1. Go through region 94-118 and count every residue that is surrounded by 21 or more Cβ atoms within 10 Å (Cβ to Cβ) and of a type in the set (S, T, N, Q).
2. Looking at region 45-162, what strands (runs of 3 or more DSSP E) fall wholly within it and have at least 1 residues that are touching a Lys or Arg at 6+ places or on another chain (Cβ under 6 Å) and modelled with pLDDT under 95?
3. Spot the failing condition for Ile32; the list is (1) under 14 Å from the mean Cα position of the chain (by Cα); (2) assigned to a loop (DSSP other than H, G, I, E, B), and only one is missed.
4. From the list Arg56, Arg81, Arg52, which residue is under 24 Å from Asn160 (Cα atoms), in contact (Cβ under 8 Å) with a residue 24 or more places away in the chain, surrounded by fewer than 17 Cβ atoms within 10 Å (Cβ to Cβ) and charged (D, E, K, R)?
5. Mind checking which residues of region 121-170 are of a type in the set (Val, Ile, Thr) and buried (at least 18 other Cβ atoms within 10 Å of the Cβ)?
Amino acid sequence: MKKALVLLPFLVALFARSAVAEDTLVKFRGGIGVLPVASGVGQAATAEVVNRNIVRGVQPAGQIWVISALKADVKVDGRIRVHGRGLLLGGGNAIGLNGNASVFATLICEAAAPFTERSTNGAGVALEPNGDFRIDDVLVPAPPADCDSPMLLIRNAEPNPAWFAAGIPEQD
């Protein structure tokens, strides 16, 4: 009886931990900032034609952005928590600044078109002066039960929501 009482807190904690893990749809650890141009073709040092870095139908920002760190957890019911650090302009006259931007998150689960954008509130959250941000919201529409090809994009607030950074899916 005493052994059972000693093991009870351990078993409760173990059960609670496994229940929490089971409701996680996808995790992202690390981020990649946007490079607006994927490639260019032309003569000498100038490109006459450029290919924009469009990801699953979403346009890139007009300038380079960098991100120091990103961590995101998406639950099966669509709840999402994102913590980003150092999302700042990586080029142009405002390099190293936050561009007075507000950002929101979009999860896309489809590897091929048509893509469904599941997003947090499009008004976004303001970037701190150092580029840090937190999103604690719910994706609309809700994600599918399986997200076989997860893509998390951090985008600037409406009216022109281009992508600034992408999450790196955690591999089990």
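1. Selection size over region 94-118: 2.
2. Output list is empty.
3. In the conditions (1) under 14 Å from the mean Cα position of the chain (by Cα); (2) assigned to a loop (DSSP other than H, G, I, E, B), Ile32 misses (2) alone.
4. Testing whether each residue is under 24 Å from Asn160 (Cα atoms), in contact (Cβ under 8 Å) with a residue 24 or more places away in the chain, surrounded by fewer than 17 Cβ atoms within 10 Å (Cβ to Cβ) and charged (D, E, K, R) leaves just Arg81.
5. Val125, Ile135, Ile154
The values are calculated or read from the model by the stated rules, or taken from the named source; none is laboratory data. Note that the coordinates shown come from a computational prediction; the quantities given were computed from them, not determined experimentally. When we count neighbours, we look across all protein chains shown, and the Cβ atoms used for this are built from the backbone with ideal geometry, even at glycine.
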